[in-house]
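Below: one structure, written as structure tokens.
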Amino acid sequence: MAMVVDPLRSAHKDIPEIKAFRVYPQEYNSPTLNECPDGSVISEKKLRLEKWGSCWSRYYELQVEYFMNKSAKNGMEILTQNLWMRNLRTTTASLQIENRQAYPETLDNVTDRFKEVDVPGFMAGMQNREAMAASGTGSNNGENSEGANANARRVEKIGNACDGVVEIVTGKIYEGITQAAKKDLFA
């Protein structure tokens, strides 16, 4: 016997979606052609495989009845209303309380990283580097190692600031993809 909890359908229906299945004996063959585990008949092979998998004829669905004592019911209410189901139902991850509180701090952190960047110094260093490359001078020809180190630190700071922006944008893209997937799944 197998039990399956479907978190996405549970979130959509606002109740836990639990199904149970049992395997037929090895010698069993259904008398109804193309009978699926839920008792329906799907004649198109592709649809049958998409919905029930390659072993669709080897198991059947059991009816599930719910019984909970008071303690179990309280625990389930906490889980369904306050944790995983709430997280799946939210429009975007940015609307979750934890993320709403952390987002301004994340933006401030990235802003502070950009404030640390000496843009004029970086641009001057890059122009100086290009001029040295054009004239054939550089680190092999007595380039000022202190200036090169300073420019390397500037490049590192810009990289750190850009990494912060990438993290924020990646999160927003992930949220968009998740919402599109939920919309398609429950359409």
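We did not get these values from a lab; they are worked out from the coordinates using the rules stated. On a predicted model such as this, the values are computed, not experimentally measured, just so you know.
Tabulated results
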item	result
All lysines inside 22 Å of LYS157 as judged from Cα atoms, apart from same-chain residues fewer than 8 positions distant	LYS115
Restraint check, LYS13/LYS183; LYS45/LYS183; LYS51/LYS172; LYS13/LYS73; LYS51/LYS183, Cα-Cα greater than 23 Å	LYS45/LYS183; LYS51/LYS172
Percent of Cα-Cα distances greater than 13 Å, calculated over segment 2-72	71 percent
